[in-house]
Amino acid sequence: MIENLRMSNVAQSQNLIQNMPTAVYTTDIDGILTFYNEWAAELWGCHPEVNNPKENRFCGSSKVFTLDGVPLQPNEYPMARALRKREPIHNEEVIIQRPDESRVVVSVNINPLFENGVFSGAVNVLQDITAQKKIEKSAWHRAAIVKSSDDAIVSKTLDGIITSWNRGAERTFGYTELEMLGESILKLIPPERHNEEDQIIEQIVSGEKIDHFETIRVTKEGKRIPVSLTISPVKNNEGEIIGASKIARDITDQVKTRNELKNLNKKLKKYIDYKNDFIGMASHELKTPITVIKSNLQLLNLKTKSENIRTMIQKTLNNVDKLTTLVIDMLDISKAESGKLQLNYGKFNLVSLLKENIQNMQAVRSSHHIIFEDNNIEEIYLNADKERISQVFINLLTNAIKYSPQSGKVKVKINNRKDEAIIRVTDFGIGIPKDQFSNIFSRFYRVEDLDPTYSGLGIGLFISKDIIERHKGKIWVESELDKGSTFYVKLPTNLSSEH
Ligand code: ADP
C-alpha cells in the first residue's frame, strides 16, 4: 500500500515535470537517465531510452562542448561533476550537439536528489539560451567595433549631454571618456557654430538622419579641425527618439588634398589659357602675311604670260589655301577651348547658303561632282550664325572629297521636318570604323591607322560639333568601311529659339 502511494507520488511529480515549460531530466547516481520531459528531448533532438546503462550517460546528447567549442569527455559533463561531488551546479553554460549536428547553447542547473535521505541521483533543468547568446555576441561585436573604431563615435541625449565616447573620439578630440561623459556636446562646437546643434537636434527629433555634414569642431587643445558628421537618431524600446549617435571623421587630410587639387586645377586652367592665347595670337599673326602672299600670287598670276609659271602659281595658291585653313582651324580651336568662339546670330535661308557653298566648292574642286538634292524645298529659315554654319558645311564637303579619292561624287540632301532641318553629306570613300564614330568629333582625333597621305589635324569636326551644339543642334555620322560615310547635321528652325 505504502509502495503504491510512493509510486503514485513519483508519477504525479513526473507528470508535473513533463508539463513544465522547460527541459528537465534526472539520472541515477551513475548518470543513467531515469526520466526526461519532451522539452529535454527537443533540445537533444532525440528520445534516448531511460534506465538503459547502454544509452548516453549524464546527458541525452552524445556531444557536449564548452562555450569556446572544446569537446568535453562524458566524465567532464556538468552532470558527471555534480554527481561526483554531490553538489549543485548553477547557471553553467555549455553547447550540446544534436544528431543532425545543429548546436544549442544551454544554461545548466543541477541539484542532487535524495530519497529518504540517501543520495539517489540528480535533476538537471536546462534552458535554451542560443538566441540570447547570439544577441549578446552581436551586441558585443558592435560594442567592440565602436570601441576600436578610428572614427569618433559619440552618443548624446536630446539635451546634448554626452552618454558614450569611444577611443576614436579620444584620439580625434583629445578628451578622455572620463572627461566627456556627462558633459555637453557644445564643448566641441566653436562658439559661433553653437546654433548648428539646435538645427541638428531639430532634424534628429523629426527622425531624420544627417549624412556627411561637413563642419568645424574644436579639440581639447583648442585646435579647430574640419570634420564630416553622420548623425542618427537613437530610439528606446518603445521607439521614442531619446538621443543621437554621432560619427565624426577628421577630414583634415581630405580638405588639404581637395584644396591642393583646386589650386592645381586653377594653375592648369591658367596654363591652358596661356597656351590658347598663344595659339590664338600666333595664328592671328600668321593670317596677315598669308593674305599678303595670296594677293601677290594672284596678282602675279594675272601678270605672267608663261603657262608654266601660272601652273606653279596655282599649285602654290592651293597650298596657301591649305595653310589658311590650318591657321583658321588653330585660331578656332583656341577660341572654342577658351569659350571665346563668338556666334553672331541672324536670319538667313539655309537652302540658299548650301547652294552657294556647293557652287564655290565645285568651282575649285573639279575632281568630284557635288549633287544637291533640295527635295523641292526652296527656303528653310534659320536664326543662326551664317558664317559658322557655312564653315561646318564646307568642312563636311572638304572631308567628303578628301576621304573619297577613288570616287567622283558627293551627295548633299536637305530635309525639313517640323521644327528642324536635317542636312546629309554623303561620300563613297574610305569610311570610318564603327568604334570610332564618336571619337572623330574629339579634339585632334584622326581615325587609327589613317593613311598619312590624308593631310589634316583632326580639328575640323571638333569645331563643327562645338558650333552645331551651341546652336542646339546635333551632328553625327553613319559609315561603312570602304563604302563611304554620311554626316548628319540637325538644326532647329524655330526662329524664336533662345540663344
Ligand atoms: P582632319 O580631316 O583635318 O583630320 P576632322 O576633324 O575634319 O580632321 O576629321 C577627323 C577625322 O575623322 C579625320 O582625320 C578622318 O580620320 C575622319 N573623317 C572625317 N571625315 C571623314 C570622311 N568623310 N570619311 C572618312 N573619314 C573621315
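The values are calculated or read from the model by the stated rules, or taken from the named source; none is laboratory data. Small disclaimer: the values here were computed from a predicted structure and weren't measured. Note that we place each Cβ from the backbone using ideal geometry, even for glycine, and neighbour counts take in every protein chain shown. Accessible surface is based on the protein model in full, side chains and every heavy atom, while ligands, DNA and RNA are left aside. Shrake-Rupley method; radii C 1.70, N 1.55, O 1.52, S 1.80 Å.
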Taking the stretch 469-486 and keeping only residues that are touching a Gly at 6+ places or on another chain (Cβ under 7 Å) and assigned to a loop (DSSP other than H, G, I, E, B), one is left with Leu481, Asp482, Lys483
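Kindly indicate which of Ser367, Ser352 is within 16 Å of the ligand (Cβ to nearest atom), exposed (fewer than 15 other Cβ atoms within 10 Å of the Cβ) and not basic (Lys, Arg). Even if it seems obvious, please write down each step before you answer.
Numbers: Ser352 fails: within 16 Å of the ligand (Cβ to nearest atom).
Only one candidate passes the filter, namely Ser367.
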Taking first residues from the stretch 118-142 that are buried (at least 17 other Cβ atoms within 10 Å of the Cβ) and second residues anywhere that are assigned to a helix (DSSP H, G or I), the pairs with Cβ under 7 Å that are 6 or more apart or on different chains are Ala122/Met79; Ala122/Ala82; Ala122/Leu83; Asn124/Met79; Leu126/Ala40; Leu126/Leu43; Asp128/Leu43
Listed by first then second residue, the pairs whose first member lies in the stretch 335-353 and is assigned to a helix (DSSP H, G or I), whose partner is of a type in the set (Ser, Thr, Tyr) and open to solvent by 60 Å² or more (accessible area, probe 1.4 Å), with beta carbons under 8 Å and at least 6 positions apart or on separate chains, are Leu350/Tyr381
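Scanning for something farther than 30 Å from Glu202 by Cβ, small (Gly, Ala, Ser), open to solvent by less than 70 Å² (accessible area, probe 1.4 Å) and outside any helix (DSSP H, G or I), does the stretch 303-312 turn up at least one residue?
yes
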Over 25 Å from Gln314 (Cα atoms), open to solvent by less than 60 Å² (accessible area, probe 1.4 Å) and more than 9 Å from the ligand (Cβ to nearest atom): does that describe Arg388? yes
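Residue by residue, here is whether (1) out of contact with any strand residue (DSSP E or B) (no Cβ under 6 Å at 6 or more places or on another chain); (2) at pLDDT 90 or above holds:
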{"site": "Asn301", "(1), (2)": "yes, yes"}
{"site": "Met330", "(1), (2)": "yes, no"}
{"site": "Lys335", "(1), (2)": "yes, no"}
{"site": "Leu350", "(1), (2)": "no, yes"}
{"site": "Ile377", "(1), (2)": "no, no"}
{"site": "Val392", "(1), (2)": "yes, yes"}
{"site": "Asn395", "(1), (2)": "yes, yes"}
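Hey, can you tell me all the residues within the stretch 209-233 that are open to solvent by 50 Å² or more (accessible area, probe 1.4 Å) and either assigned to a strand (DSSP E or B) or touching a helix residue (DSSP H, G or I) at 6+ places or on another chain (Cβ under 9 Å) (or both)?
If the condition is that a residue be open to solvent by 50 Å² or more (accessible area, probe 1.4 Å) and either assigned to a strand (DSSP E or B) or touching a helix residue (DSSP H, G or I) at 6+ places or on another chain (Cβ under 9 Å) (or both), then Lys209, Asp211, His212, Phe213, Glu214, Lys220, Arg224 are the ones that fit.
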Contact list, first residue from the stretch 429-442 and in contact (Cβ under 8 Å) with a residue 12 or more places away in the chain, second anywhere and hydroxyl-bearing (Ser, Thr, Tyr), beta-carbon distance below 6 Å, six or more apart or interchain, is Gly429/Tyr403; Gly429/Ser404; Gly429/Ser407; Ile430/Tyr403; Gly431/Ser479; Gly431/Ser485; Ile432/Ser479; Ile432/Ser485
